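Presented below is the structure to which this report refers.
Rule-based calculations on the coordinates, nothing more; no lab input. The structure displayed is predicted, hence computed values, not measured ones. Here the Cβ positions follow ideal geometry from the backbone for every residue, glycine too, while neighbour counts run over all protein chains shown.
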Amino acid sequence: MLDRAYALLEIKNLAPDRRTFSGIASTPELDRQGDVFEPAGATFRNPIPLLYHHDQKLPIGRVSLTATPDGILFEATIPTVDEPGALKTRVDEAWHSIKAGILTGVSIGFRALEGGVDYLKSGRRISRSEICELSLVAIPANASASILTVKSLSARPPRSRSAMKLTSTEHVQALETKRAGLTDRMADIMETAAADASTLTDAAALEHDGLAVQVKSIDADLGRWRDLEKMQTAQAVAVPGLVRTPARPVITVKSNLPPGTAFIRYHCARIAAKAEGLEPTTWTARYAPHWQTTTPEVQLALKAAVAPGTATDAVWAGPLVNQNIATDFIEMMRAATIIDKIGGLYKVPFNTKIPAQTGGGTYNWVGEMKPKPVTSLTFGSVTLDWAKVAGIIVLTQELVKLSSPNAEDVVRREMVAGIAAFLDGQFINPAVAAVAGISPASITNGAPTAVATANPLADILGLIQFFVNNNISVAGVTFLMSPTNALALSFKVNSDGSPVFPGIDVTGGSYKGLKFITSQVVGSNVIALQPNLILFADDGGVTIDASTEASLQMDSAPDSPVVATSVLVSMFQMNTVALRAERFITWKKANANAVKYLTAAAYPAPAGVLQSAPGE
């Protein structure tokens with residue numbers, strides 16, 4: 001049985017001898033059934049049948065489809081039948097219904113391809129499909145469906161550009177998008193056969209060959225449209241008498257350098273210049289002149305930066321870097337941390353009392369003319385004090401002073417990885433307890449826990465039931481697990497070959513409206529949390545300090561305070577640089593049952609699929 005989706009219908013250039021109309025067969029907007037149909041992932045073989053109300057026994061014409069980024073366009077033809085009979089009656093009735101405005105919508109009949117269905121809260125997202133037919137319908141699911149224009153039947157009007165006509169460039173883009181979807185599906189078919197070490201089934205071979213024919217046809221059309229695009233560009237002339245307004249156009253120039261490059265160059269220039277005994281601006285002009293053109297904001301920040309006057313570190317005590325430089329690095333760092341991936345945390349300001357209800361009222365059934373119970377609520381308050389999380393990354397001066405893009409990339413990745421690892425460990429490690437005036441407890445510290453089973457579905461449902469039993473909404477519940485366990489889930493299939501956990505892969509994803517996030521830091525635990533019940537305070541920035549003279553204990557858990565046996569390494573002696581990243585941030589569970597986690601999770605992958613221990 002085919003699925004259905006509905007969209008717009010436009011009648012244009014109607015002629016007695018052709019009976020042709022066109023419009024939009026599908027759009028990616030949410031329909032009334034709660035589904036989202038992605039045009040970019042749709043495949044089809046033109047022409048497809050035009051049906052009457054999805055009845056396969058009542059074909060009334062043929063349809064040609066064209067894919068665009070915004071939807072799938074169609075052009076349909078209903079034939080003129082002269083011989084009296086049931087067919088003439090059917091096609092005439094359909095045509096008269098369109099002209100009279102009785103049938104105002106269209107609906108595609110499609111089948112979802114393997115791996116092409118993601119389940120949303122409202123319904124489904126169809127990302128890969130095969131369109132098999134188009135039907136005329138009276139009530140489309142698309143709320144904006146309507147006939148846009150109706151033109152005269154008496155004579156064919158002069159050719160004009162309608163609202164649905166595409167430019168040559170748009171045609172090329174639409175064909176390229178469609179071709180990409182077809183070739184991706186062809187690759188999936190072949191990879192499936194390779195994974196099973198078998199030849200293609202008859203159905204798979206037929207589908208692959210059909211897709212290959214479509215690709216060949218698209219390639220030919222692409223050549224024609226590109227030739228037309230070149231001719232139109234060459235023939236383009238200025239519009240005579242066009243009066244341009246004196247308004248200055250807005251031009252935006254965006255660097256193609258990786259995010260965070262300017263931020264890293266700023267600190268590298270400061271460190272390298274100090275080692276050479278030069279001003280940072282002089283160092284960049286001498287050793288990295290290309291920075292002045294590719295990242296001019298670095299030179300501005302170096303000129304504007306004013307070092308604070310401390311007794312121990314007058315130059316490298318670390319002023320906050322110009323916000324324009326730091327912004328892209330901060331965004332890149334946030335994409336790497338579990339905290340910022342979760343979303344939906346209850347954000348509150350530092351050092352501010354937040355009211356929290358700690359007890360409910362008393363309620364009971366009351367009969368007619370009987371007194372009602374008097375009740376009251378119990379409230380408390382929660383305050384999130386200032387706290388900062390920090391990490392130190394040590395790099396060699398030779399690496400920092402190199403101005404090649406590869407060296408910059410190493411520095412950038414090391415800084416992001418160091419900050420992310422520190423934050424993630426503090427946030428989810430059950431062993432991290434609160435230290436008064438210094439740091440918060442992890443969200444798993446003191447949280448309810450249990451041992452995982454070999455059945456991931458049972459574990460997930462068990463964690464959900466925990467929230468239900470404690471009267472906590474399951475909407476928005478987020479799961480944290482290792483990439484290895486998430487990958488094992490993605491390999492699990494039902495007896496018919498469909499995935500047990502569609503939408504989940506090694507990077508996480510979603511399942512039945514639940515969000516999954518992966519991180520190596522999680523290890524063998526599986527953590528479930530309700531973000532709305534976790535208070536979160538963050539100043540939104542990161543401070544980077546650098547030193548070439550400090551002595552450090554090269555340990556992720558340094559002695560505090562330093563003792564006689566503490567081994568300290570001199571940055572000056574080893575010719576290295578210490579970069580210290582700080583972020584003012586803290587969190588606290590507003591409800592003791594906001595988090596539950598499982599231990600010793602090692603979900604098995606299907607036989608024949610290699611797997612490693614969680615956390616590797």
Per 0.36 nm of contour for each residue apart, how much would the distance between Ala212 and Met574 grow if the chain were fully extended, relative to their Cα-Cα spacing? 124.2 nm
Out of the trypsin sites (Lys or Arg not before Pro) in region 486-546, which ones are loop residues according to DSSP with at most 15 other C-beta atoms within 10 Å? Lys512
Stretch Thr169-Asp539 to full length: gain in nm at 0.36 nm per residue minus the Cα-Cα span? 128.6 nm
In Å and from the alpha-carbon atoms only, list the Rg and Dmax of region 424-557. 18.2, 64
Using a 10 Å cut-off around each Cβ, can you sort Asp385, Asp538 from fewest to most neighbouring Cβ atoms? Asp385, Asp538
Between beta-carbons, use under 11 Å as the cut-off and find the net charge around Val567, counting Lys and Arg +1, Asp and Glu -1. -2
Cβ under 15 Å from Asp459's Cβ, Asp459 left aside: what net charge do those residues give with Lys, Arg +1 and Asp, Glu -1? +3
Would you mind ranking Thr396, Thr284 so that the residue whose beta carbon has the fewest other beta carbons within 10 Å leads the list? Thr396, Thr284
Gain in length, Lys372 to Ala187, computed as 0.36 nm per residue apart minus the alpha-carbon separation, to one decimal in nm? 59.6 nm
Could you list which residues have their amide H under 5 Å from that of Val432, counting only those 5 or more apart in sequence or on another chain, with H placed in the peptide plane? Ser442
Would you mind checking Lys347/Lys515; Lys341/Lys492; Lys512/Lys588; Lys388/Lys596; Lys388/Lys492 for any pair whose Cα atoms are more than 30 angstrom apart? Lys388/Lys492
Taking the Cα-to-Cβ direction at Glu114 and at Asp385 and moving 7 Å from each Cα, how far apart do the two end points lie in nm? 5.8 nm
What are the extents of the Cα atoms of region 171-235 along their three principal axes, in Å, largest first? 54, 16, 12
